[in-house]
Structure formats: C-alpha cells, structure tokens
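The values are calculated or read from the model by the stated rules, or taken from the named source; none is laboratory data. Please read these numbers as outputs of a predicted model, since none were measured by experiment. Positions of Cβ are backbone-derived with ideal geometry, glycine not excepted, and every protein chain shown enters the neighbour counts. For the accessible areas, the whole protein counts, side chains as well, though only heavy atoms, and no ligand, DNA or RNA atoms are used. Shrake-Rupley method; radii C 1.70, N 1.55, O 1.52, S 1.80 Å.
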Amino acid sequence: QVQLVESGGGLVQAGGSLRHSCAASGSIASADSVGWYRQTPGKQRELVAEITRGGTTDYADSVKGRFTISRDNDKNTVYLQMNSLKPEDTAVYYCKISVFIANYWGQGTQVTVSS
C-alpha cells in the first residue's frame, strides 16, 4: 500500500503560478506511471498530465505549454508546475501512481484561480 500526500494547492490570480507536490510513502521508481488529475463538481475526473517510468509525458490539450510534470525518484515525489493559470483551471487536483494493476490516489488539493 502506497500513501500519497499532496501539497501546494491554494488561491491564485489568473496568470499566476503554483507548484503541486505529491510525496509517496514508498519508492516510485518502479511505478508504471505517475500523474495528475483534476475534478470539478458534476464532472468526471480528468487527466491533466502523466509521466511514465520511461519518462514519456502526456498532457491534456488544455494545459499543454503551461503545465509541466516531473518526478524525483530519489525523493519519491511527483511535481506539477502550473504556469499562466486560468480560471478554468480551478478544480481539485489529485496525484495518482500506478503500479501494475493498482492505482493509488492522493487526498486531493483545491486550486482556485480568480479572474
């Protein structure tokens, strides 16, 4: 069982930046993928960014060029750097680590972007 603890959410004005962190209780080096998702009320959770064990990244079209996902295997931590934030980025953000058929989720952190 892997525990994930997120930090870095908050309130920011449009155009600003935030950096999310997701610290895992165990090694993430062998994880098949690590990623960030977000969810707004009444909508399904959606992929924001993902990075595979091999380093391949994938981003939602809405965040390409603004968000950057990275992983530090030595610190067992996944990061999401969010720049040029827009009001439509307002959501609860979750990190996820996938190991074989198991998915582990963080507790979620609120990001609110004011216009």
Looking at the range 60-76, which of its residues are under 12 Å from the mean Cα position of the chain (by Cα), assigned to a strand (DSSP E or B) and either surrounded by 19 or more Cβ atoms within 10 Å (Cβ to Cβ) or not hydroxyl-bearing (Ser, Thr, Tyr) (or both)?
Phe67, Ile69, Arg71
Being of a type in the set (Asp, Glu), closer than 16 Å to Val111 by Cβ and crowded, with 17+ Cβ neighbours inside 10 Å: is that true of Glu6 here?
yes
Check whether at least one residue in the range 43-53 is over 22 Å from Val2 (Cα atoms) and open to solvent by 40 Å² or more (accessible area, probe 1.4 Å), and report yes or no.
yes
Applying the selection to the range 97-115, what residues are surrounded by 12 or more Cβ atoms within 10 Å (Cβ to Cβ), among the polar types (S, T, N, Q) and part of a loop (DSSP other than H, G, I, E, B)?
Gln107
Criterion first (under 19 Å from Val99 (Cβ atoms) and more than 11 Å from the chain's Cα centre (by Cα)) does Ser17 satisfy it?
no
When the range 11-34 is checked residue by residue, the ones that are of a type in the set (Gly, Ala, Ser) and surrounded by 13 or more Cβ atoms within 10 Å (Cβ to Cβ) are Ala14, Gly16, Ser21, Ala23, Ala24, Gly26, Ala31, Ser33
For Tyr93, the lone unmet condition from (1) out of contact with any His (no Cβ under 9 Å at 6 or more places or on another chain); (2) under 11 Å from Ser7 (Cα atoms) is (1)
Pairs, please: C-beta under 6 Å, at least 6 apart or cross-chain, first residue over 14 Å from Gly108 (Cβ atoms) and in the range 33-56, second aromatic (Phe, Trp, Tyr) and part of a strand (DSSP E or B)?
Leu47/Tyr37; Ala49/Trp36; Ala49/Tyr59; Ala49/Phe67
Taking only the range 77-96 into account, find how many residues are open to solvent by 50 Å² or more (accessible area, probe 1.4 Å) and in a loop (DSSP other than H, G, I, E, B).
3
